[in-house]
């Protein structure tokens, strides 16, 4: 038994040692330009790249996969996980994620500079890589960051979920590495070397984490099979079952959420019909100056100044897709970490995806030209009606206010009404000032947001889980008191 335990604990050490040796061999072979390796690398780069060259659909898929290994995505994942761990007071795990991810960020440019290998030259270049080639930065970053996520959150998964979790992480890392070769920006040895040094760095940081556990008098475990902190399982689980979920069968729960989804779809279709109908009336049957559609954009254009133009760009940027996505993701992460319920996340995701879908559909049907003034934003892809910036801003910041006011209990929760009102007003003014929208475009977006938020709040009930939890906490002591008195 003791021998089996010792072998079980030695496995990670052996794995890390082998990975370090593989990396050292590849590093020397690449640095010395060993002919057999160079020949194999060039042949593999040409043949693998030719598999997708000329196939636009495959190229798009491969580029989407490789995007998941970019620094922006990796650090977004690490930051989100770190915020969850910090909110749940798992400080050591949060520090582990940051240190491990930072190590990959440091190792990649240093190793590239030391080796100085040029990028592959293929017959059908699809993507362009900057800097040197060995090791692959995407492959190194993905195996370190996603591997660290696996080691940290592994205790939260059990049974089939653990198998699925491991399989998804391993598959994702493998696909990102292969995508770099398919795109013709890395050799096979670049990817293998990145995986080898990534496993080595993961092992070193995991061993260092075990030292902190030993110093704190906690048992040392096998991080590959049990995770870094098995006792943190309750805090690592993304969410708790909703109140009453245990009393409902799986089929009943599926029917419950199915009815909600059906109601959301019906509401979305009806609201979209209202918005499209109003747009058709304005553009086809209106007199061209409905609610100042002509005069207000011209008034803004006539009163432009350098200062106001800078301010309008700031608020337009805050209402753009990237800023909205960042705030929405941050909102989901924080509410999931604090409430430990999925309803707020489902609510925000439904609201924002519904807004995006309705905006694209209405813009494609109505096809309203921009106001007849000089636009400050060039080459916008959609029509003027409705305003996507305004609809997204209204939906997001009002949704945040609804969640905060519904979950929090302090007076400060009402302060979230300020951005819920101010941000839509400021974004609306910036869009009209920049000549991108008519007033009725803005009003249609506000109407859509009001109808859509009302429907999703009534159907999803994003704050009901919190209320139910509090009700149960109140009810249980009363029940216990009743039982004792009886």
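A few points about this structure:
- Positions within segment 49-76 being crowded, with 18+ Cβ neighbours inside 10 Å and at pLDDT 80 or above, in sequence order: 62, 65, 66, 69, 74
- Taking segment 299-328 as the range and being surrounded by 16 or more Cβ atoms within 10 Å (Cβ to Cβ) and assigned to a helix (DSSP H, G or I) as the test, the residues that pass are 300, 301, 312, 315, 316, 318, 323, 324, 327, 328.
- Looking only at segment 97-149, and only at residues there that are surrounded by fewer than 20 Cβ atoms within 10 Å (Cβ to Cβ) and under 20 Å from the mean Cα position of the chain (by Cα), the one that is nearest to residue 28 (Cα to Cα): 105
- Filtered by the rule that a residue be more than 18 Å from residue 326 (Cα to Cα) and in a helix (DSSP H, G or I), segment 339-363 gives 339, 343, 357, 358, 359, 360, 361, 362, 363.
- Residue within segment 364-379 that is assigned to a helix (DSSP H, G or I), assigned by TED's automatic domain parsing to the domain that holds residue 312 and surrounded by fewer than 17 Cβ atoms within 10 Å (Cβ to Cβ) present: yes
- When we screen 185, 191, 204 for residues that are within 30 Å of the chain's Cα centre (by Cα) and within 16 Å of residue 25 (Cα to Cα), the only hit is 191.
- Search result, residues across segment 150-171 that are assigned to a helix (DSSP H, G or I) and exposed (fewer than 14 other Cβ atoms within 10 Å of the Cβ): 160, 161, 163, 164, 167, 168, 171
The values are calculated or read from the model by the stated rules, or taken from the named source; none is laboratory data. Just so you know, these numbers come straight off a predicted model, no measurement behind them. Backbone-built Cβ (ideal geometry, glycine too); neighbour counts: all protein chains shown.
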